[in-house]
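Peer 1: Quick one: this structure, given as structure tokens, is what I'll be asking you about.
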Amino acid sequence: MLNDISNFVCVRKSYCASKLAESQYAKEVNIRSAVNKKMKSFEVNKSHTIRSVLEHPFHKVVLDHLVVNDKLILKPNLVKSKCHQYYPLEYVFDEAFSDVMCLIGFDELFRVVSDLSNGKAAGLSGISNELWKHCNKLVLDILLVLLNSCLTSESWEGILMNTHPIVLIKTACKILFKILSDRIFAVCSAFDVLRGDNFSVLKGTTT
């Protein structure tokens with residue numbers, strides 16, 4: 001009798017363990033399926049997938065009519081002429097931003113590093129802006145190689161799984177972003193990209 005009970009307990013434990021393993025495997029399969037679905041969706045429609053992940057609603061603005069001085073305007077050409085600043089910037093040629101992602105030179109890096117603010121959070125690396133500003137040329141040469149590798153790398157291949165959330169950007173990343181933002185500001189200023197209600201504050205300008 002005791003042997004029968006013991007066997008029953010063993011069988012029951014084995015059955016429960018098997019069902020638990022089966023349930024965990026099914027969950028893993030569902031997770032992989034959902035991830036693959038998101039990845040395929042990202043390849044087809046990046047903006048839709050990102051909005052879905054962030055749970056941001058999509059609001060579409062349709063400019064099909066206007067009221068100007070109590071007069072209703074319905075003709076598409078007239079509407080477009082009145083709201084040109086809300087349409088794609090046709091006066092910005094395709095090559096305007098072609099140099100934004102070009103390799104960084106040492107002089108450009110040195111200028112940005114020299115302008116870094118003091119007393120800022122160093123991030124998990126513990127490398128502060130002050131350290132970059134006081135390091136020697138060899139260290140800046142190594143940093144230059146790393147930053148240029150970021151500009152030329154295709155390791156993420158448009159796959160969300162290869163990215164990670166940013167909690168606190170490291171100072172080296174801030175240097176790279178500062179270089180890129182300065183380049184974009186320079187293009188916007190040189191080619192008068194931001195006009196009318198599309199205007200945004202650039203260096204040397206006020207609202």
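The values are calculated or read from the model by the stated rules, or taken from the named source; none is laboratory data. Note that the structure is a prediction, hence the values are computed from the model and not measured. Cβ atoms come from the backbone with ideal geometry, glycine included; neighbour counts cover every protein chain shown. Only protein heavy atoms, including side chains, enter the accessible area calculation; ligands, DNA and RNA are left aside. Shrake-Rupley method; radii C 1.70, N 1.55, O 1.52, S 1.80 Å.
Peer 1: What is the sum of charges around E108, taking Lys and Arg as +1, Asp and Glu as -1, for the other residues whose C-beta is under 12 Å from the C-beta of E108?
Peer 2: Details: positive: R111, K178, R183; negative: D99, D107, D115, D182.
So the surrounding residues net to -1.
Peer 1: How many nm separate the modelled label positions at A21 and N118, each set 7 Å beyond the Cα in the direction of the Cβ?
Peer 2: 6.3 nm
Peer 1: A further question follows. Among V44, V139, V79, what's the order by accessible area (1.4 angstrom probe), most exposed first?
Peer 2: Numbers: V44 130, V139 55, V79 0 Å².
If we order V44, V139, V79 from most to least accessible, we get V44, V139, V79.
Peer 1: Can you run phi through the Karplus equation (6.51, -1.76, 1.60; θ = phi - 60°) for segment 67-74 and list ³J(HN,Hα) in whole Hz, with x for Gly and Pro?
Peer 2: Computed from phi, the couplings for segment 67-74 are 10, 10, 6, 6, 10, 7, 10, 10 Hz.
Peer 1: Further, regarding this structure: Which distance in nm do the two modelled labels at N136 and N69 give, with both placed 7 Å along the Cα-to-Cβ direction?
Peer 2: 7.2 nm
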